[in-house]
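First up is the structure itself, then whatever we jot down about it.
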Amino acid sequence: MKIPIYQVDAFADAVFRGNPAAVCPLESWLDDSLLQAIAAENNLSETAFLVPRDEHYEIRWFSPKNEVDLCGHGTLAAAFVIFHYLDIHLSQVDFQTPGDWLTVSRDGALLTMDFPARPPVACEVPDDLVKGLGATPLEVLKSRDYLAVFPSEDIVRALTPDLSLLSRLDAPGIIVTAPGKNADWVSRFFGPREGIPEDPVTGSAHCTLVPYWAPKLRKKEFRALQLSERGGTLYCRDLGERVRIAGEAVMYMEGTIII
């Protein structure tokens, strides 16, 4: 069996930046155990698998350890592959996920994703969260992931978390955020339970960050930075029950999986 594979740097305007994702177009769905094995072998934070349908694509995402319910950079990478390699005439692509419909449109180099908002709510603060981050947040909230808010970009940048403690939390990931010096906000994302010590750029986290920051900043459009070593820029818009998350992407590698 031969499966095409593309590796795309998402939320980046040049290679070696942003968040690398693998994209594997399929003719039909393979066994889940094989999809998971491919994702583990790729050892990227996410591998996106695509199956074409009449007017859309089905999409699923796998981390090295698990299937995930939503992935921003994997979706951006998948749309980039479709627009540049699979259906180059398209200016918009619709994705059917196991739980929702997502849309990605292109305007020149910028790709804009339409995603569900995931507003965070106040929650009890787990001891392992504070100990694991090594700093006490101003507040802690939760949606799919924990959201820890700090007063300054410098604190977020300097965090050196204990990933073994964070892996014990009852959430796939931990978002940390603060007001930005040269952006509306900055963030980092840790997902040790999913086999992702620190994710370089996390689109799905902004489904939570946008509804958190929008009322505080009293506006609808934002520029956000993720402060990983590779870094990434995201352009966001608050639409109430939906959010728009935009960024660029570049191709790094094209090849074939042989099984």
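Observations, loosely collected:
- Qualifying positions in region 174-206 - out of contact with any strand residue (DSSP E or B) (no Cβ under 8 Å at 6 or more places or on another chain) and in a helix (DSSP H, G or I): Pro192, Arg193
- Meets criteria (assigned to a helix (DSSP H, G or I), out of contact with any Ser or Thr (no Cβ under 7 Å at 6 or more places or on another chain) and polar (S, T, N, Q)) for Ser164: yes
- Which listed residue is closer than 22 Å to Pro197 by Cβ, out of contact with any Asp or Glu (no Cβ under 7 Å at 6 or more places or on another chain) and part of a loop (DSSP other than H, G, I, E, B), from Pro137, Pro119, Pro98, Pro151: Pro137
- Taking the criterion of being farther than 15 Å from Met253 by Cβ and touching a helix residue (DSSP H, G or I) at 6+ places or on another chain (Cβ under 6 Å), the only residue of region 12-48 that qualifies is Glu46.
- Condition check for Arg188: at pLDDT 95 or above and not assigned by TED's automatic domain parsing to the domain that holds Gly108: yes
- Scanning region 6-27 for residues that are in a loop (DSSP other than H, G, I, E, B) and surrounded by fewer than 24 Cβ atoms within 10 Å (Cβ to Cβ) gives Asp13, Ala14, Val15, Phe16, Arg17, Leu26, Glu27.
- Checked across region 109-116, the condition of being among the hydrophobic types (A, V, I, L, M, F, W, C), in a strand (DSSP E or B) and under 26 Å from Ala37 (Cα atoms) holds for no residue.
- Matching residues in region 30-68 - criterion: being in a helix (DSSP H, G or I) and either of a type in the set (A, V, I, L, M, F, W, C) or in contact with a strand residue (DSSP E or B) (Cβ under 6 Å, 6 or more places away or on another chain) (or both): Leu34, Leu35, Gln36, Ala37, Ile38, Ala39, Ala40, Asn42
- If only residues of region 209-235 that are touching a residue at least 40 places away in the same chain (Cβ under 8 Å) and of a type in the set (A, V, I, L, M, F, W, C) are counted, the one that is nearest to Phe189 (Cα to Cα) is Leu227.
- Whichever residue in region 114-131 is touching a Lys or Arg at 6+ places or on another chain (Cβ under 8 Å) and closer than 15 Å to Pro172 by Cα and, among such residues, is surrounded by the fewest Cβ atoms within 10 Å (Cβ to Cβ): Asp128
- Scanning region 178-222 for residues that are crowded, with 19+ Cβ neighbours inside 10 Å, small (Gly, Ala, Ser) and over 19 Å from Ala12 (Cβ atoms) yields Ala178, Gly191, Ala214.
The values are calculated or read from the model by the stated rules, or taken from the named source; none is laboratory data. On a predicted model such as this, the values are computed, not experimentally measured, just so you know. Reconstructed Cβ throughout: ideal geometry from the backbone, glycine too, with neighbour counts over all protein chains shown.
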